[in-house]
Amino acid sequence: MSHEHLIAGVLGGLTSTVVLHPLDLLKVRFAVSDGQSSLKKNYKNISNALSTIVKEEGFKGLYKGVIPNCLGAGTAWGLYFLFYNSFKKQMMDANQQQHLGPIKHMTAGACAGALTTAITNPIWVVKTRLCLQYGTATATLNNPQATSNLLPESKRYTGTWDALKKVYRYEGVSGLYRGFIPGLLGVSHGAIQLAAYEELKKIYLVRSGLPSDHNLGTMQYLTCAALSKLLAASITYPYQVVRARLQDQHVHYKGLVDVVRRTWRNEGAGGFYKGLGPSLLRVVPASAITFVVYEKSLEFCKNQSRKA
């Protein structure tokens, strides 16, 4: 059973990431846009950001960081669903229950999120760094000055592996775990989403007079996933801004408290919600795609297991 959740989660994460990576790129760039650094672009809105990136970096600029993003999303969602369902099963077995309430769903989601964050944080650091390489293109071996000329060589990357090596070489293990603390604080996001998702599915099944193990249709999964993600994302977005800024190579922050203090001083409360628009445009459909692919892949895997 466990490997089925892992496979289904990986497929769901990969599918949504490939489709919606450009919006994730915009979310990251808006999140770190504090108006204090000349090394970073300050976009007016989503359309301005898209047109500027395409003009200055080409269409491939919209897919900077896509490889670590796919690696991170596939790994994260696979592990998340694996851990989440493992914790759920343990709780149900321990309490001899067939169903869990929202609090226990949140607890299982939080534990799964903490484990997943600890494993995947280095991938997200690399993805953020690559997304924040402004200019004509990601630096290449033949033209390492093509982007962010004012940055030292240690913070110019030719790709995923180069970024991983340089972050480790120049910043150590701590560099790979920048943003880890706000990432842990952000496990509440997944916990809220999973609890809401489970409750929405339960409500639909009860009102429809269907058994609890009944498989929903695609539209029902889409609706439950989108609504649960909208709720979780709106509540927990500020931590994503803090995390992205800690991982940004253009500005040095002393730590979590320093990011919060400087963001509040320079930008006010609105600074913690920068990029919320493009983020919701990405995460709501991304969540819907991820959960639908996950649920349908899980159904397929279970059917194949029964036939074997």
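The values are calculated or read from the model by the stated rules, or taken from the named source; none is laboratory data. The structure displayed is predicted, hence computed values, not measured ones. Cβ coordinates were reconstructed from backbone atoms using ideal geometry, including for glycine residues, and neighbour counts include every protein chain displayed.
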note = Conditions (1) of a type in the set (A, V, I, L, M, F, W, C); (2) over 20 Å from the mean Cα position of the chain (by Cα); (3) assigned to a helix (DSSP H, G or I); (4) more than 24 Å from Y177 (Cα to Cα) -> L210 fails only (3)
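Taking into account only those residues within region 55-93 that are of a type outside the set (D, E) and over 23 Å from the mean Cα position of the chain (by Cα), which is surrounded by the fewest Cβ atoms within 10 Å (Cβ to Cβ)?
First, pick out the residues of region 55-93 that are of a type outside the set (D, E): 55, 58-92.
Now drop any that are not over 23 Å from the mean Cα position of the chain (by Cα), which leaves 55, 58, 89-92.
Details: K55: 9, G58: 12, K89: 13, Q90: 12, M91: 16, M92: 15.
Step by step, filter region 55-93, then rank; the result is K55.
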request  = May I ask you to list pairs of residues, at least six apart or on different chains, whose Cβ atoms are under 8 Å apart, with the first in region 245-261 being under 10 Å from V32 (Cα atoms) and the second being hydroxyl-bearing (S, T, Y)?
outcome  = R245/Y253; R245/T263; L246/Y253; Q247/T128; D248/T128; H250/S37; H250/S148; V251/S37
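Being in contact with a helix residue (DSSP H, G or I) (Cβ under 8 Å, 6 or more places away or on another chain) and modelled with pLDDT under 85 narrows it down to one of V283, V292, so name that one.
Details: V292 fails: modelled with pLDDT under 85.
Step by step, each of V283, V292 is checked, and only V283 is in contact with a helix residue (DSSP H, G or I) (Cβ under 8 Å, 6 or more places away or on another chain) and modelled with pLDDT under 85.
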task = State which residue is nearest to T236 (Cα to Cα) when the search covers only region 164-185 and only residues that are part of a helix (DSSP H, G or I) and of a type in the set (S, T, Y).
result = S174
query = In region 216-235, how many residues are within 21 Å of A108 (Cβ to Cβ) and not in a helix (DSSP H, G or I)?
reply = 1
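Out of the residues in region 214-248 meeting the condition of being small (G, A, S) and out of contact with any helix residue (DSSP H, G or I) (no Cβ under 7 Å at 6 or more places or on another chain), tell me which one is nearest to R262 (Cα to Cα). Let's see the steps before the verdict.
Narrowing region 214-248 to residues small (G, A, S): 217, 225-226, 228, 232-234, 244.
Now drop any that are not out of contact with any helix residue (DSSP H, G or I) (no Cβ under 7 Å at 6 or more places or on another chain), which leaves 217, 234.
Working: G217: 47, S234: 22 Å.
Among residues in region 214-248 that are small (G, A, S) and out of contact with any helix residue (DSSP H, G or I) (no Cβ under 7 Å at 6 or more places or on another chain), the one nearest to R262 (Cα to Cα) is S234.
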query = Which pairs have Cβ atoms under 7 Å, sit 6 or more apart or on different chains, and link a residue in region 282-308 that is under 9 Å from L222 (Cα atoms) to one that is modelled with pLDDT under 90?
reply = P285/L20; I289/V19
message = So, in region 235-280, how many residues would count as being surrounded by fewer than 17 Cβ atoms within 10 Å (Cβ to Cβ), modelled with pLDDT under 85 and more than 19 Å from the chain's Cα centre (by Cα)?
response = 4
Subset tally (residues that are without any contact (Cβ under 8 Å) to a residue 24 or more places away in the chain and crowded, with 16+ Cβ neighbours inside 10 Å) for region 205-222 = 2
task = Could you please find all residues in region 156-193 being surrounded by fewer than 22 Cβ atoms within 10 Å (Cβ to Cβ) and out of contact with any helix residue (DSSP H, G or I) (no Cβ under 8 Å at 6 or more places or on another chain)?
result = T158, W161, D162, K165, E171, G172, V173, S174
inquiry  = Go through (1) surrounded by fewer than 18 Cβ atoms within 10 Å (Cβ to Cβ); (2) touching a residue at least 12 places away in the same chain (Cβ under 8 Å); (3) over 22 Å from the mean Cα position of the chain (by Cα) for L230 and report which single condition fails.
reply    = (3)
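Criterion first (of a type outside the set (F, W, Y), surrounded by 13 or more Cβ atoms within 10 Å (Cβ to Cβ) and more than 20 Å from L25 (Cα to Cα)) does A196 satisfy it?
Values: of a type outside the set (F, W, Y): yes; surrounded by 13 or more Cβ atoms within 10 Å (Cβ to Cβ): yes; more than 20 Å from L25 (Cα to Cα): yes.
Here the answer is yes, as A196 does meet what is asked.
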task = Working carefully through the options A108, A139, find the one that is of a type outside the set (D, E, K, R) and modelled with pLDDT under 90.
result = A139
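In region 115-133, is there at least one residue being more than 30 Å from V54 (Cα to Cα) and either buried (at least 21 other Cβ atoms within 10 Å of the Cβ) or modelled with pLDDT under 70 (or both)?
Going residue by residue through region 115-133, those that are more than 30 Å from V54 (Cα to Cα) are 115-119.
Those left that are additionally either buried (at least 21 other Cβ atoms within 10 Å of the Cβ) or modelled with pLDDT under 70 (or both): 116-117.
For region 115-133, residues more than 30 Å from V54 (Cα to Cα) and either buried (at least 21 other Cβ atoms within 10 Å of the Cβ) or modelled with pLDDT under 70 (or both): present.
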inquiry  = Taking the conditions exactly as written (of a type in the set (S, T, N, Q), within 26 Å of D248 (Cα to Cα) and within 22 Å of the chain's Cα centre (by Cα)), does S188 satisfy them or not?
reply    = yes
